[in-house]
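Student: Encoded as structure tokens, here's the structure I'll be asking about.
Throughout, read-outs are computed from the coordinates displayed, never taken from laboratory work. No experiment lies behind these values; they were computed from the predicted model shown. Here the Cβ positions follow ideal geometry from the backbone for every residue, glycine too, while neighbour counts run over all protein chains shown.
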Ligand SMILES: [Zn+2]
């Protein structure tokens, strides 16, 4: 856990307590575990990073190590998801995503994605790559058909058909 506290981080009583302890212990917050909506299997790890001043500054190699250990053990990829926001909007709406794959190591990057392209990336991870092999595929299909949250699901029918074959 970093010693330095950034203004926009939430402070839990645990992290507050932990910051007051000595250097012989450590922990890190796991930022984002992408999971299958049908079987809950973890599909990837991601560090979501605010693209401050367009610098695309991720964590240091050392700070990435816990993620890499976990990704290796789980045999899933680890990404950095950079998001760029429109500061003039009340909820700081995201206007752009950039993805760097850290593990497996490569120079694989997806640059300047629109929010819908980012959504397609996530759909690919969960529905295209994993969906056909999901141990709860029938439940997964029912879940995406129902889409109970009511939010827009542009490619819903494509995925229902793809997974129903
Ligand atoms: Zn699944």
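Student: Using a cut-off of under 15 Å, list every residue of the stretch 51-66 whose amide N is near the label point 7 Å from the Cα of residue 26 along the Cα-to-beta-carbon line.
Tutor: 59-66
Student: Normalised by the number of residues in the chain, what is the relative contact order in percent for Cα pairs under 8 Å and 6+ residues apart?
Tutor: 17
Student: For residue 142 and residue 114, compute 0.36 nm times the residue count separating them, minus their Cα-Cα distance, and round to one decimal in nm.
Tutor: Details: separation 28, 0.36 × 28 = 10.08 nm, distance 2.81 nm.
Stretched out fully, the residue 142 to residue 114 stretch lengthens by 7.3 nm.
Student: Taking R0 as 30 Å, what's the FRET efficiency between residue 124 and residue 60 from their Cβ-Cβ distance, rounded to 0.05?
Tutor: Using R0 = 30 Å, I get an efficiency of 0.55.
Student: May I ask you to compute the full-extension gain from residue 68 to residue 19, defined as 0.36 nm times their residue separation minus their alpha-carbon distance, rounded to one decimal in nm?
Tutor: Taking residue 68 through residue 19 to full extension adds about 15.3 nm, to one decimal.
Student: To the nearest 10 degrees, how steeply does helix 137-146 sit against the main Cα axis of the chain, on a 0 to 90 scale?
Tutor: 90
Student: How many angstrom lie between the C-alpha centres of the stretch 84-144 and the stretch 148-165?
Tutor: Centre-to-centre (Cα) distance: 15 Å.
Student: For the chain, set up a Gaussian network in which alpha carbons nearer than 10 Å are linked by springs, and say which option among 81, 121, 153 fluctuates the most.
Tutor: Among 81, 121, 153, the largest mean-square fluctuation in the Gaussian network model of the chain belongs to 153.
Student: Still on this structure, please answer the following. Sorted by packing (mean other beta-carbon atoms within 10 Å per residue), highest first, where do 110-119, 143-152 land?
Tutor: 110-119, 143-152
Student: Also, I was wondering about something else. Only Cα pairs within less than 10 Å get springs; with that Gaussian network setup on the chain, which residue of 28, 44, 14 has the largest fluctuation?
Tutor: Of 28, 44, 14, the most mobile in the Gaussian network model is 14.
Student: Over all directions, average the projected area of the Cα convex hull of the chain and note it in nm².
Tutor: Approximately 12.1 nm², given one-decimal rounding.
Student: Treating the angle as unsigned and between 0 and 90°, give the value, to the nearest 10°, between the Cα long axis of helix 61-74 and the longest Cα principal axis of the chain.
Tutor: 40
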